[in-house]
Amino acid sequence: MADALSQHQIDELLENLNKGNEDKADGDKKGEKRIKNYDFKMPQKFTKEDLKLIRDIYDQYTRLVASYITGITRLYCHATVLHVEEQKYYEFNNALDDYVMMGIVNLAFENKDIMETECTIQFSNAITFSLIDRLMGGQGNTFEISRDFTEIEISLCRMILEKMSSFLQEAWSSYIEVNSSLERIETNARLTKSISPDEIIVTATLELELNKRKSLMTVSIPAINMEEILSHMGERYHTVSKRVLDEEKRKEQRSHIMKGVKSSALTMHTILAETQIDLSDILSLSINDIIPLDVPITQNAMVKINNVQWFSAKPGISNNKKAIKIIDVCNKN
């Protein structure tokens with residue numbers, strides 16, 4: 001092989017290279033072949049099913065958040081989950097402003113095999129100052145401000161973040177028992193040292209629409225803790241979502257339900273007839289007076305259970321006690 005290429009060979013190589021780039025561009029435009037780069041330095045820890053489950057949890061969380069913000073601001077708030085993704089903490093932290101409202105929430109699980117973990121709730125400055133403006137009596141306008149927060153502003157946001165942390169407990173309760181509490185508030189993203197910079201976190205990005213302006217809110221949990229949580233809740237989740245009852249178990253459940261229903265206390269009335277009478281006649285009633293009823297003597301009595309007519313019956317005597325005999329069952333349709 002020659003040590004040096006001739007000018008003709010160089011021209012051919014450049015021409016082939018240009019053709020290859022054009023073919024690749026044409027293929028991308030037609031959608032025939034798309035290649036996604038895989039980062040081997042940060043392998044994906046969660047499957048699509050895991051991320052979908054986490055998204056379902058935060059979907060429920062957004063409904064609670066939207067309802068709460070609507071209540072305290074008297075402005076319509078709509079919240080949705082934009083995406084749930086894995087990323088390194090320093091990438092997440094570098095994307096934040098220097099001054100942000102960030103709540104560190106402690107998650108303590110009923111299952112002692114799961115260690116306690118810290119969850120981060122972060123508001124963008126747009127939604128933070130909009131909430132502060134509304135709670136202080138303003139219109140809830142959005143302000144793009146980057147400065148440190150005052151003590152009064154932090155106090156107002158503490159109340160909101162405490163409520164947001166309790167919603168986490170409610171959103172997760174369908175899958176695993178957890179107690180959540182606001183541990184502290186951080187206002188400088190660069191000084192937050194709760195998570196190692198190289199640690200992978202699972203971040204849910206929520207979009208809040210308040211006063212016709214959209215802004216972002218994020219909820220982050222370390223991936224190592226999320227893996228542990230999913231491993232313990234997976235069995236319960238699959239049991240609930242994919243449960244198949246056999247016939248014997250179905251009968252047993254039906255018997256248990258019927259047993260509980262049969263022991264319920266109900267009020268039963270038997271009505272011979274109904275009539276109307278003036279108040280003056282009632283005041284003048286005395287012993288041995290007779291009140292005529294507008295029904296024949298052969299008409300059956302009505303049996304009502306909880307004020308709903310169920311049966312028709314004949315009045316009579318059984319064992320020297322007044323009794324009724326069920327004649328017919330009323331049609332409930």
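See the values below:
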read-out: Theoretical FRET efficiency, 1/(1+(r/R0)^6), r = Cβ-Cβ of S312 and E177, R0 56 Å, to 0.05; value: 0.60
read-out: Loop-located GluC sites (Glu not before Pro) in the stretch 108-174, at most 16 other Cβ atoms within 10 Å (DSSP); value: E110, E116, E144
read-out: 5 angstrom amide H check on N188, placed H, neighbours 5+ away; value: V100
read-out: Area accessible to solvent at C330, 1.4 Å probe radius, in Å²; value: 40 Å²
read-out: Under 5 Å, built H, 5+ apart or other chain: amide partners of F311; value: V303, C330
read-out: Rounded to whole Hz, the Karplus (6.51, -1.76, 1.60) HN-Hα couplings of the stretch 168-177, x for glycine and proline; value: 4, 4, 5, 5, 7, 4, 6, 10, 7, 7
read-out: Residue-by-residue Karplus 3J(HN,Hα) for the stretch 259-268, coefficients 6.51, -1.76, 1.60, Hz, glycine and proline x; value: 4, x, 5, 5, 7, 6, 8, 10, 9, 10
read-out: Long-range amide H partners of F109 with built H, under 5 Å; value: N179
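The values are calculated or read from the model by the stated rules, or taken from the named source; none is laboratory data. Predicted, not measured: the structure shown is a model, and the values here were computed from it. Ideal geometry is used to build each Cβ from the backbone, glycine not excepted, and the neighbour counts take in all protein chains shown. What goes into the accessible areas is simple: the full protein's heavy atoms, side chains included, and nothing from ligands, DNA or RNA. Shrake-Rupley method; radii C 1.70, N 1.55, O 1.52, S 1.80 Å.
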